[in-house]
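Input: a single structure, listed below in structure tokens.
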Amino acid sequence: MKSVKITIAILSAATVLGVAAGCGGSGDAGGTGTPAAGGTTAAAPATTPADPKEAFLGAFAALNERHFAYTLTLDETKASGVMHAPSTSSRSVSEGELEGTKFSTETVYAGGKAFVKLDFGAANANIGIDPATWYELDLNVAKQLNYTFEQQSPIQPSFSTSIASVERDGDDAFTGAFDFAAATKGNPSAQTKSLVQMLGDAAKSATFDAHLDDQGRIAELVFTIAKTDKTPEIKQTLTFTEYGTAAAPEVPTNAQPAPASLNNLYK
């Protein structure tokens, strides 16, 4: 079984692997990076460019509006979530197993606040949390979770500039390679930097497979990084649905202030 250090690094890098929205720092691939106004269904690109890379990035136009539902599978962790641009709020839920201990997390961002409900099994007592209770984090302390709305997405803008190659795989699919080390610029955490170091040269030759829905939008994206002497094979699968129609997450109304021990976990 992989070490806790490696597992935490992989989990912390989840938003780096799901890196695909847009060109440059603004997070746009033909758009502005600004959340779309509410109530409309996200549209697919009007035309399909001949260049595979341009066509691939064009398929992300709807994701740039940041109004969709998604699922994520990484190692033994499964997650799902919603990005809701009309209210600039988001929700993510995950569950999995870390070194034989099952865990679950639920996070809601709304109104500039972050709410969490966590269950780490036997570690709950050490952290001082009740798994049935919502906590509001002090983002002045829990800075690792002090994300902007765009950063709450499983899609990071640094992916497009990290792409090394893209090829078509039929009418509605693409395959390609990207530099994971370059993509980590979207999530420069200490855990992610540690993972890049452990990956070595393998970080520069990550691969992806993408499938589109019937409207030419990204429906599934699979990232793979080969096994190394220090890390197992890393494979993450993202799916996207409910473009422009995903419901706003429910905001906890009875959250308690997070104890210092919890805020310090994300210091």
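Results, tabulated for the structure shown:
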read-out	value
When residues of the stretch 203-215 are limited to those that are in contact with a helix residue (DSSP H, G or I) (Cβ under 8 Å, 6 or more places away or on another chain) and crowded, with 19+ Cβ neighbours inside 10 Å, the one modelled with the lowest pLDDT	Ala203
Subset of the stretch 182-194 (residues that are surrounded by fewer than 21 Cβ atoms within 10 Å (Cβ to Cβ) and either among the small types (Gly, Ala, Ser) or at pLDDT 75 or above (or both))	Ala182, Ser189, Ala190, Lys193, Ser194
Cross-chain or 6+ apart pairs with Cβ under 9 Å, the stretch 228-252 first and without any contact (Cβ under 8 Å) to a residue 60 or more places away in the chain, then acidic (Asp, Glu)	Thr228/Asp201
Only one of Ala85, Ala125, Ala69, Ala164 that is in contact with a Phe, Trp or Tyr (Cβ under 9 Å, 6 or more places away or on another chain) and surrounded by fewer than 16 Cβ atoms within 10 Å (Cβ to Cβ)	Ala164
The listed residue being touching a residue at least 40 places away in the same chain (Cβ under 8 Å), assigned to a loop (DSSP other than H, G, I, E, B) and closer than 29 Å to Met198 by Cβ, out of Val166, Val141	Val141
Matching entry among Asp179, Asp171, Asp213 (being acidic (Asp, Glu) and in contact with a Lys or Arg (Cβ under 6 Å, 6 or more places away or on another chain))	Asp179
Residue match in the stretch 184-200 (condition: farther than 26 Å from Phe149 by Cβ, free of Cβ contacts under 8 Å to residues at least 40 places away in the same chain, out of contact with any Gly (no Cβ under 8 Å at 6 or more places or on another chain) and assigned to a loop (DSSP other than H, G, I, E, B))	no
Filter result for Thr133 (in contact with a strand residue (DSSP E or B) (Cβ under 7 Å, 6 or more places away or on another chain), β-branched (Val, Ile, Thr) and either surrounded by 19 or more Cβ atoms within 10 Å (Cβ to Cβ) or not in a helix (DSSP H, G or I) (or both))	yes
Test for Asp209: is it farther than 28 Å from Lys143 by Cβ and part of a strand (DSSP E or B)	yes
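Results for (1) farther than 28 Å from Leu57 by Cβ; (2) within 20 Å of the chain's Cα centre (by Cα); (3) at pLDDT below 85, shown as yes or no for each residue.
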{"position": "Arg91", "(1), (2), (3)": "no, yes, no"}
{"position": "Gly96", "(1), (2), (3)": "yes, yes, yes"}
{"position": "Glu99", "(1), (2), (3)": "yes, no, yes"}
{"position": "Lys102", "(1), (2), (3)": "yes, no, yes"}
{"position": "Thr105", "(1), (2), (3)": "yes, yes, no"}
{"position": "Ala125", "(1), (2), (3)": "yes, no, no"}
{"position": "Asn146", "(1), (2), (3)": "yes, yes, yes"}
{"position": "Val166", "(1), (2), (3)": "no, no, no"}
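The values are calculated or read from the model by the stated rules, or taken from the named source; none is laboratory data. Computed from a predicted structure; not experimentally measured. All Cβ positions, even for glycine, are placed from backbone atoms using ideal geometry, and neighbour counts span all protein chains on display.
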